[in-house]
């Protein structure tokens, strides 16, 4: 991602130096370079509060200051932004302070007396990194929000779908890729006289009823071939000798990469309708 020069010039910069002459020099240099939001302070004790309120994109920090030096300022700023990027460019006349400053959290340094071309280049480079970091944080937040919103939408859609299927059918069901039931909504278990854990767990169905094997074979063939099926009839004789008829529809499910992950479908008890067709004059 490329940043425009306007984005960089709109960055917020804080100058921290106890020497007014240095502050004025840096302010003039930054202003002439096109930077629009420049703040300064000669009081290192105020930096924490200023950065807490304004979250500067870059802090130009002098290390040699009385009462509170730049290292102490960096320690305070690290407490303020424990998990974030603290954009500090240290200014020092002591070459041996370089490694200590970098270890203390500074991202770069310049030596006194200033080389104006060098400091302008370092400021530009640091701001580019800082602003790209902020863009990444922003887009990550947007992405997380979109994921959250999409998750909520999917849950609401699933709930609506389940309510509609419950209204349009007697039950809704889902199976995984191994044909194990993972979801069952509706009174099908009561109709079949089968405990809930028989379908959801690995327990075998109690042998209390006999299914029509030809119909079951057709249903299994459709599922094995991963074909959708509509209004297939499955019948059985329950343990009381009563004929039951069920109409089942289903479709295969695939994930985003196209891998088969199971089936879902609906079912209806059509016993009363079928009995009426078979025995239209029965009382």
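Spatial offset of region 229-267 relative to region 1-36 amounts to 70 Å, using the alpha carbon center of each. Remark: the residue 240-residue 3 segment gains 77.6 nm on full extension, using 0.36 nm per residue and subtracting the alpha carbon distance. Each of 69, 17 has some number of other Cβ atoms within 10 Å of its Cβ, and from fewest to most they run 69, 17. The residue 213 and residue 185 beta-carbon pair, evaluated with R₀ = 30 Å, returns a calculated FRET efficiency of approximately 0.65. Subtracting the Cα-Cα distance of residue 255 and residue 100 from 0.36 nm times their residue separation leaves 50.6 nm of extension gain. Stretching residue 155 away from residue 19 to a fully extended chain increases their span by 42.9 nm, per 0.36 nm per residue minus the current alpha-carbon distance. State the percent of C-alpha pairs, over all pairs in region 5-141, separated by a distance greater than 17 angstrom. Pairs farther apart than 17 Å: 56 percent. Highest mean packing first, where packing is the average number of other Cβ atoms within 10 Å per residue, the peptides 4-15, 252-263, 175-186 line up as 4-15, 175-186, 252-263.
Rule-based calculations on the coordinates, nothing more; no lab input. Note that the coordinates shown come from a computational prediction; the quantities given were computed from them, not determined experimentally. All Cβ positions, even for glycine, are placed from backbone atoms using ideal geometry, and neighbour counts span all protein chains on display.
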